[in-house]
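Following this message is one structure expressed as structure tokens.
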Amino acid sequence: MAGIVRSAYQLVSSNWRKVALGLASTAVFLLIWWLYAAWLRADWPFHGTPSGAWEYVPYPLEVLDAFYLSFWSHPVSGLYMGEHIYASLKRFFMGFILAFALAVPVGLLMGRFWTADAAGKPIVELIRPIPPIAWIPIFLVLLGVIRGPIAIVFLGIFFPILLNVQFGARSVDPTLIDAARTLGARRLDIFLKVVLPFTVPYLMTGVTVGLGIGWMCIVAAEMLGAAGGGVGYFIFVTAGNSQFPYTYAGMLMIGILSILTTGVAGLVERRVSKWVGMR
Amino acid sequence: MGGNAVTTSIAISSLSKVFRKEKKIITALSGFELEVREGEFVCLLGPSGCGKTTVLRIVAGLEEKTSGTVKLQGREITSSGSDRGMVFQEFALFPWRTVRKNIEFGLEVKAVPEEKRAVISKKYIDLVGLHGFEDSHPRELSGGMKQRVGIARALANNPKVLLMDEPFGSLDAQTRNLMQKELLRIWSATGKTILFVTHSVDEAVFLADRIVVMTARPGKVREIIPVDLPRPRERTSREFIGVRGKVLAELDEEFEKARAKELSHD
């Protein structure tokens with residue numbers, strides 16, 4: 001009993017220590033930021049920056065203020081932050097769903113059949129290293145301001161999922177397939193009951209990596225124009241209007257959105273791995 | 001079982017297997033002959049690389065033969081199937097499935113209804129002594145327990161024969177001895193025909209009705225040694241040691257031949 005109490009105490013205190021360390025490092029970061037902003041504004045005799053550089057570095061509290069106001073009383077291009085978030089999320093999930101729906105079957109096929117691998121490899125290897133951002137000008141003209149950003153997000157998410165699923169499908173232990181065969185499994189059974197569950201953890205890694213890249217892509221894509229707003233668009237417009245506290249507020253929002261989607265993916269991963277019995 | 005008539009379970013005749021490794025052509029088996037009777041326990045024994053696992057994999061339908069015939073109850077084997085259960089040295093359990101779900105795999109594939117699956121899996125869980133571990137995952141089990149799952153999984157399909165590829169090869173000596181006794185108990189409870197590959201003379205003499213000693217590559221039957229000792233066998237008895245010595249002598253000669261061949265190749 002005493003042991004249980006002690007280990008529970010250790011768990012709580014170790015978590016508390018982690019939280020405390022995170023808060024401390026964030027405080028240090030904010031302090032350095034604040035000092036830098038103050039330094040830019042100070043009227044030192046040896047300062048030597050007569051330009052308006054201070055304008056680009058608002059105080060942390062100004063950013064927080066702008067973040068708050070953007071939701072309630074300061075629309076950008078006639079839209080409040082909530083509407084920008086909605087527009088971005090919509091594009092993001094469209095791109096994600098498309099990428100997921102295509103990358104999983106293609107990855108499984110390329111991982112299991114040398115013919116699919118041989119046929120797909122040149123195309124994948126050629127397109128994969130091209131930064132999705134490079135497609136922006138073409139997609140915006142070809143697909144427009146609504147489907148264009150979706151296509152960019154799609155490209156950003158597609159390849160991490162594809163490569164991880166392919167690697168997972170290729171790594172299936174051959175004795176597991178032998179075992180399934182001696183238990184009467186045919187090709188489809190092996191695919192659904194051995195290859196697919198084996199690949200799930202790899203798939204989830206691909207999803208996590210893809211989500212991060214997806215947010216990078218959507219900001220870039222929306223900067224060149226987005227109908228109905230978007231957080232990337234919000235950043236671009238406020239910077240153009242020299243409303244820099246708002247620009248930083250938009251950047252903060254991207255960080256928060258990325259953390260949220262990664263968190264959701266983590267929850268889904270736990271559910272799925274429980275479902276396939278990995279945990 | 002099946003009246004007094006002795007019927008043949010597995011019939012292998014003039015089996016050969018040639019495979020290509022890079023540019024070398026390797027003859028793994030050549031003119032391998034064996035008949036296993038219904039309900040019999042036969043051990044395949046031979047120097048490493050003699051092709052004993054290849055024989056088993058061909059019977060399982062996991063590998064294609066180059067020539068010859070392999071029949072199960074008079075019917076030619078062409079591919080893998082649930083009428084031949086296999087137990088692997090590396091256990092080959094599905095890590096994402098619980099013990100119960102591993103055992104039910106073959107039944108799921110056959111689309112046996114869930115309630116019936118539960119009844120069958122319970123029967124084999126009890127038979128191999130896994131009661132209380134139904135909902136554990138393989139990683140939570142010791143090697144011996146894992147192989148109990150492997151055996152139950154193969155038996156749940158009610159196969160005509162059980163093919164075992166060095167199933168206790170990765171277990172420690174103590175567990176190995178225990179599992180050999182357990183296997184004999186399961187064998188007498190189910191009456192299955194067992195074809196068992198091992199490189200341990202001791203294991204073969206303890207388990208088998210007949211021991212098939214194979215030659216070095218290309219593998220064929222060198223000698224079939226019947227073990228006419230009553231079970232349970234005593235490893236330290238004079239008779240046991242006698243049979244062991246006879247098998248060892250046969251095997252040693254093959255080892256020497258294999259070594260001489262290797263040396264002449266270098």
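So, B:GLU90, is that one free of Cβ contacts under 8 Å to residues at least 12 places away in the same chain and acidic (Asp, Glu) or not?
Judged against the criteria, B:GLU90 is not a match.
Could you grab me the full set of residues in the range B:154-199 that are without any contact (Cβ under 8 Å) to a residue 60 or more places away in the chain, away from chain A (no Cβ under 14 Å) and polar (S, T, N, Q)?
Passing the criteria: B:GLN174, B:THR175, B:ASN177, B:GLN180, B:SER188.
Taking the range A:238-265 on its own, how many of its residues are within 18 Å of A:THR205 (Cβ to Cβ) and in contact (Cβ under 8 Å) with a residue 12 or more places away in the chain?
The qualifying residues number 4.
In the range B:45-71, which residues are farther than 24 Å from B:GLU250 by Cα, away from chain A (no Cβ under 14 Å) and in a loop (DSSP other than H, G, I, E, B)?
Passing the criteria: B:LYS65, B:THR66.
Listed residues B:ARG217, B:ARG231; which is surrounded by 17 or more Cβ atoms within 10 Å (Cβ to Cβ), out of contact with any His (no Cβ under 6 Å at 6 or more places or on another chain) and not hydrophobic (A, V, I, L, M, F, W, C)? Lay out the reasoning, then the answer.
On the way: B:ARG231 fails: surrounded by 17 or more Cβ atoms within 10 Å (Cβ to Cβ).
None of the other options fit; the residue is B:ARG217.
Considering only the range B:103-114, state which residues are crowded, with 23+ Cβ neighbours inside 10 Å and either at the interface with chain A (Cβ under 7 Å from one of its Cβ atoms) or aromatic (Phe, Trp, Tyr) (or both).
Within the range B:103-114, B:PHE105, B:GLY106 meet the criteria.
For the range B:148-173, what are the residues that are within 12 Å of the chain's Cα centre (by Cα) and assigned to a loop (DSSP other than H, G, I, E, B)?
B:GLU166, B:PRO167, B:PHE168, B:GLY169, listed by residue number.
Looking at the range A:80-96, can you tell me whether even one residue there is free of Cβ contacts under 8 Å to residues at least 40 places away in the same chain, surrounded by 13 or more Cβ atoms within 10 Å (Cβ to Cβ), under 16 Å from A:GLY206 (Cβ atoms) and in the same structural domain as A:ILE157 (by TED's automatic domain parsing)?
No, every residue in the range A:80-96 fails to be free of Cβ contacts under 8 Å to residues at least 40 places away in the same chain, surrounded by 13 or more Cβ atoms within 10 Å (Cβ to Cβ), under 16 Å from A:GLY206 (Cβ atoms) and in the same structural domain as A:ILE157 (by TED's automatic domain parsing).
Which members of the range B:73-102 meet the condition of being more than 20 Å from B:THR190 (Cβ to Cβ), touching a strand residue (DSSP E or B) at 6+ places or on another chain (Cβ under 8 Å) and within 11 Å of chain A (Cβ to nearest Cβ)?
Matches in the range B:73-102: B:GLN89 only.
So, one more: Among (1) touching a strand residue (DSSP E or B) at 6+ places or on another chain (Cβ under 6 Å); (2) under 20 Å from B:GLU203 (Cβ atoms); (3) not acidic (Asp, Glu), where does B:SER48 come up short?
B:SER48 satisfies every listed condition except (1).
Output the helices (runs of 4 or more DSSP H) that fall wholly within the range A:179-242 and possess 3 or more residues being in contact with a helix residue (DSSP H, G or I) (Cβ under 7 Å, 6 or more places away or on another chain) and in the same structural domain as A:LEU102 (by TED's automatic domain parsing), or say none.
Working: elements: A:187-190, A:196-223, A:231-240.
Counting at least 3 such residues, we get A:196-223, A:231-240.
Tally up the residues in the range B:174-206 that are over 15 Å from the mean Cα position of the chain (by Cα) and either polar (S, T, N, Q) or closer than 21 Å to B:ILE225 by Cβ (or both), please.
Count: 6.
What is the residue count in the range B:174-200 for residues that are in a strand (DSSP E or B), out of contact with any helix residue (DSSP H, G or I) (no Cβ under 6 Å at 6 or more places or on another chain) and of a type in the set (S, T, N, Q)?
1
Do you know which of the residues in the range B:115-150 that are of a type in the set (Val, Ile, Thr) and within 14 Å of another protein chain (Cβ to nearest Cβ) is surrounded by the most Cβ atoms within 10 Å (Cβ to Cβ)?
B:VAL149
Can you pull out the residues in the range A:123-133 that are surrounded by 11 or more Cβ atoms within 10 Å (Cβ to Cβ) and assigned to a helix (DSSP H, G or I)?
Scanning the range A:123-133 gives A:VAL124, A:ILE127, A:PRO132, A:ILE133.
Here is a further query. Give the residues of the range A:164-178 that are more than 10 Å from every other protein chain (Cβ to nearest Cβ) and in contact with a helix residue (DSSP H, G or I) (Cβ under 7 Å, 6 or more places away or on another chain), sorted by residue number.
Keep residues of the range A:164-178 that are more than 10 Å from every other protein chain (Cβ to nearest Cβ), which gives A:164-172.
Passing the criteria: A:ASN164, A:VAL165, A:GLN166, A:PHE167, A:GLY168, A:ALA169, A:ARG170, A:VAL172.
The values are calculated or read from the model by the stated rules, or taken from the named source; none is laboratory data. If you're wondering where the values come from, they're calculated on a predicted model, not measured in any experiment. Ideal geometry is used to build each Cβ from the backbone, glycine not excepted, and the neighbour counts take in all protein chains shown.
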